[in-house]
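A short write-up of the structure that comes next.
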Ligand code: HEC
């Protein structure tokens, strides 16, 4: 007997959903939530003095965390670890103060801060891995 077309499609769709659910399922999202939670508290400790708790920056002194500057992940990773001193323009304001280095932050901690920032301001939902942080750090150039 021929299986009705409609039925075959729905089975396929179900199978597809099944694969989706179990390939990036709850374990991954729990880990993502942990990174975001850790990253949030690290951000409050190491970054919020200047960028403020909500990331909106402080007047003409410190820039808001900006999607434009988040585009280049490797660069942001290097800035967090090594600091930066160059001219930065966010929301039409130019900032020239140095951002200090964070030599004591571990790769995992940087990955957590990155994941928190990109989930919050970069609208991403994936973990930024320790491996990708390590790779970026190996290639930092002095700025
Ligand atoms: C002492 C103040 C200070 C602290 C602490 C600080 N920053 Fe910054 N940050 C700055 C300044 C100033 C700039 C602009 C740098 C420049 O002009 O060279 C900047 C720039 C940035 C930028 C790029 C521009 C933007 O606003 O999007 C990002 C991203 C960033 N900081 C993230 C962080 C993160 C993450 C931390 C914590 C690990 C941190 N900063 C800690 C002062 C600070």
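Here, each number is a calculation from the coordinates, and none is a lab measurement. None of the values given here were measured: they were computed from a predicted structure. For neighbour counting, all protein chains shown are included, and Cβ atoms are generated from backbone atoms with ideal geometry for every residue, glycine included.
What the table shows:
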| read-out | value |
| --- | --- |
| Spacing of the two label points (7 Å from each Cα toward its C-beta) at residue 94 and residue 69, in nm | 1.5 nm |
| Gyration tensor (alpha-carbon) shape descriptor, the range 92-143, a/c threshold 1.5 | oblate |
| Gain upon complete extension [residue 45, residue 87; 0.36 nm per residue less C-alpha separation] | 12.7 nm |
| Linear extension gain, residue 121 paired with residue 52, 0.36 nm per residue minus alpha-carbon span | 23.5 nm |
| At R0 = 41 Å, FRET efficiency that the Cβ-Cβ distance of residue 60 and residue 33 yields, to 0.05 | 0.70 |
| For the range 27-138, alpha-carbon Rg relative to the globular expectation (2.2 N^0.38 Å, N residues) | 1.01 |
